[in-house]
Amino acid sequence: MTDKISKEPADATPAGSGPSGSPYEAIKAIPVRHYGRWISGVVVVVLLGWLLYAFSQGNIIWDTVWDKVFDPSILDGLANTIIISIASMALGLVLGIVFAVMRLSKNPVTGAVAWLYIWFFRGTPVYVQLLVWFNLSLIFQYINLGPIYKNETVDVMTPFMVALLGLGLNEGAYMAEIVRAGIQSVDEGQTEAAHALGMSQTKTMGRIVLPQAMRVIVPPTGNEFINMLKTSSLVSAVQYTELLRASSNIGSTAGAVMEMLFVASIWYLALTSVFSVGQYYLERRFARGSTRNLPPTPWQRVKKNLTTFKRSPEMSA
């Protein structure tokens, strides 16, 4: 007598299987509750509300602040701040590249000169340097360059020229170190390969080394420029009418010193915010060749943060 063994088909779905026909039971995922995020968010909002309430109770005429934000004198000072910051940063960047290459040169004379320049301008405060340029006529009555140029120092050292030299030369010392670090980050094999192909030292630096060093140079350069926007407030000491001096002039004549300081602070915050966004996208562009996944844009970060506390459709199913 033969026992009959009934075999279930291999593709039969057992009881309790998932809806898609899988032999495994569907996994019910429960999202992690981030209570700490809610608590920290509430604490921050409460602190901000307390800070706003504290300022609202002070003896500050806020109507004056909003009325003077777009005052023509303030806008002129704002334009001068942008002009002197861009001009000084451009001068500092050019000097930084030149002195960085000089310091990396095998020529001991150029290397020593570059080191002395960086040592002096990094070792003395920028405020002192501005005052030195401003009072240069006390030492030299004339600026005499022989047959090329000759004029009285007081006519040459205008407030704009003093501010440009004081900020630009000081920034050049810091940019020289930033550029030097960027150049040294490029592998020496790149330079050796370029020389093997017959490229000169200048072409190798301009076409091979510097383009690759930009991803290291750009981030700190952006930080230096944003710092330059704030450091430009020091040029008010040399009678250059930038944002702080313009607001101080109105504040002293109208008797609204604190209100005008708030006006200047609003514009400084606006400038740094705008240029910070530009710096971010510039860094993101130069990061394309060095990172596999580009960092998210500010809008992508906002959308991600807004959906942090939401349950995804897969988890809610």
Mind checking which helices (runs of 4 or more DSSP H) fall wholly inside region 127-224 and carry at least 3 residues that are among the acidic types (Asp, Glu)? none
From the option list Leu78, Leu104, Leu47, Leu93, single residue qualifying as free of Cβ contacts under 8 Å to residues at least 12 places away in the same chain and among the aliphatic types (A, V, I, L, M) is Leu47
Could you check, for region 286-305, whether at least one of its residues is surrounded by 18 or more Cβ atoms within 10 Å (Cβ to Cβ), part of a loop (DSSP other than H, G, I, E, B) and at pLDDT below 90? no
Members of region 144-153 found to be surrounded by fewer than 16 Cβ atoms within 10 Å (Cβ to Cβ) and either within 28 Å of Ser233 (Cβ to Cβ) or not basic (Lys, Arg) (or both), listed by number: Asn144, Leu145, Gly146, Pro147, Ile148, Tyr149, Asn151, Glu152
Report yes if some residue within region 132-153 is closer than 26 Å to Glu259 by Cβ and of a type outside the set (Ser, Thr, Tyr); otherwise report no. no
Tell me the residue from Thr202, Thr241 that is surrounded by fewer than 20 Cβ atoms within 10 Å (Cβ to Cβ), modelled with pLDDT under 85 and among the hydroxyl-bearing types (Ser, Thr, Tyr), please. Thr202
Where residues in region 108-129 are touching a residue at least 60 places away in the same chain (Cβ under 8 Å) and under 25 Å from the mean Cα position of the chain (by Cα), which of them is surrounded by the most Cβ atoms within 10 Å (Cβ to Cβ)? Val126
Would you tally the residues in region 230-263 being over 21 Å from Leu164 (Cα atoms), part of a helix (DSSP H, G or I) and aliphatic (A, V, I, L, M)? 7
Which of (1) of a type outside the set (Gly, Ala, Ser); (2) touching a Gly at 6+ places or on another chain (Cβ under 8 Å); (3) closer than 20 Å to Ala270 by Cα does Ile86 not meet, given it meets every other one? (2)
Determine, yes or no, whether Met89 is more than 25 Å from the chain's Cα centre (by Cα), assigned to a helix (DSSP H, G or I) and closer than 30 Å to Met214 by Cα. no
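The values are calculated or read from the model by the stated rules, or taken from the named source; none is laboratory data. Predicted model only: the values in this text are computed from it and were never measured. Positions of Cβ are backbone-derived with ideal geometry, glycine not excepted, and every protein chain shown enters the neighbour counts.
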